1. Across segment 169-187, which residue is most open to solvent (accessible area, probe 1.4 Å) among those that are of a type in the set (D, E, K, R) and touching a residue at least 60 places away in the same chain (Cβ under 8 Å)?
2. Can you give me the ranges of the helices (runs of 4 or more DSSP H) entirely in segment 1-116 with at least 2 residues that are modelled with pLDDT of 85 or more?
3. Scan segment 137-145 and give yes if some residue there is more than 25 Å from Arg299 (Cα to Cα), open to solvent by less than 50 Å² (accessible area, probe 1.4 Å), of a type outside the set (Gly, Ala, Ser) and assigned to a loop (DSSP other than H, G, I, E, B), otherwise no.
4. Determine which member of the set Glu102, Glu54 is open to solvent by 40 Å² or more (accessible area, probe 1.4 Å) and touching a Leu at 6+ places or on another chain (Cβ under 6 Å).
5. Scan segment 68-95 for residues that are farther than 27 Å from Glu47 by Cβ, touching a Lys or Arg at 6+ places or on another chain (Cβ under 8 Å) and without any contact (Cβ under 8 Å) to a residue 40 or more places away in the chain and jot them down.
6. Would you confirm whether or not segment 81-94 contains a residue that is closer than 30 Å to Asn198 by Cβ, open to solvent by 60 Å² or more (accessible area, probe 1.4 Å) and either in contact with a Gly (Cβ under 9 Å, 6 or more places away or on another chain) or among the aromatic types (Phe, Trp, Tyr) (or both)?
7. Criterion first (part of a loop (DSSP other than H, G, I, E, B), of a type in the set (Gly, Ala, Ser) and surrounded by 13 or more Cβ atoms within 10 Å (Cβ to Cβ)) does Gly125 satisfy it?
8. Among the residues of segment 159-168, write down those that are among the charged types (D, E, K, R) and surrounded by 15 or more Cβ atoms within 10 Å (Cβ to Cβ).
Amino acid sequence: MANFDPPLASVGGVNRSPTTDEQSDGFSCGAADQTLFNRLFGRIEAELKAIQDEGGIAGSEADDTTVLQAIQAMISAATGGGDTSQFVLFSQAQARFPVFPEVTTNNGIIGVTAPSTGTVRVPAGAQVLHRGIGLYTSVQTDFATVASKTYHLRWNKDDGFALKDLSDVAYNAGTLSEDNIAFDSSYDDMLVTRIVTNSSNVATITNLLNKHQMESAGEQYFIDVAFQDDEFPSAISNYSTVDLNWSRTPFATANGATDGPANAEWNFGAKPLSRYQIAVYSQTSVGGNGEYISWQAWR
């Protein structure tokens, strides 16, 4: 009988992983090293068996889908079950869930400050929940400002915080007013703060509330003036402003009760002025009567 080289050689010793040279250049020609061969296939089998064991699925020579079944079983256990074809990946959820960014610390506000003239600072430790699923934590970051400017400080999950100059055509190509609804927080781009610098580069900072749902309510008392033009705010002068400082322009409404004559005509309401304020107003056909106006704002 002719002698043949064995298909596997062995240099002895325990099973081994590929060397650095083997990982870079591949294996040398000739008989394969049995210790290396055993290690490579043994590792694959061990990795797959760990998944099967965790998912509670036994391996089978007759079924090549047991690892997939184990993964599906683990997902099902974590989610309460259901059709595995409908499972959503984390990245898919972050692109699909219609949820506004929410600051989960400091009552929904990132406390941006001006530690010195010409500098504004994002604090460390502020947490932002993106699309209701991705949690991000801020690190302390300083931005330089220029005198006589209006800025928006914004955040998104890919770029982090960025200071946007309202006079920059790349940011404000339409030369929109600073409080235009186009700059409101969106699902993936959060308006954090308005910053206005004076001629000495001293910043006035308005930190804005960022929550998925924002609500506020209150009551105002009016001593009415007689009817004016119903077009608000061009003519109605009997109104009060309420500061909100939200990241999205609110909706508003009002209701109330009058202590004036029962047959008096009465006009009242609440109207958003910007993301920063709403106006609550009242007027009657009989001036001097008092009304309690309850208002609500939401977004």
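1. Per the stated criteria, the residue is Asp179.
2. Here the list reads 34-55, 66-79, 90-96.
3. Scanning segment 137-145, I find at least one residue that is more than 25 Å from Arg299 (Cα to Cα), open to solvent by less than 50 Å² (accessible area, probe 1.4 Å), of a type outside the set (Gly, Ala, Ser) and assigned to a loop (DSSP other than H, G, I, E, B), so the answer is yes.
4. After ruling out the rest, the residue left standing is Glu102.
5. Ala95, the sole residue that qualifies.
6. No, segment 81-94 has no match at all.
7. Answer is no for this residue.
8. Lys164, Asp165
The values are calculated or read from the model by the stated rules, or taken from the named source; none is laboratory data. For clarity, every value in this text was computed on a predicted model and none was experimentally measured. Counting neighbours? That spans all protein chains shown, and the Cβs are built from the backbone with ideal geometry, glycine included. To get the accessible areas, we keep the full protein, side chains included, count just its heavy atoms, and leave off ligands, DNA and RNA. Shrake-Rupley method; radii C 1.70, N 1.55, O 1.52, S 1.80 Å.
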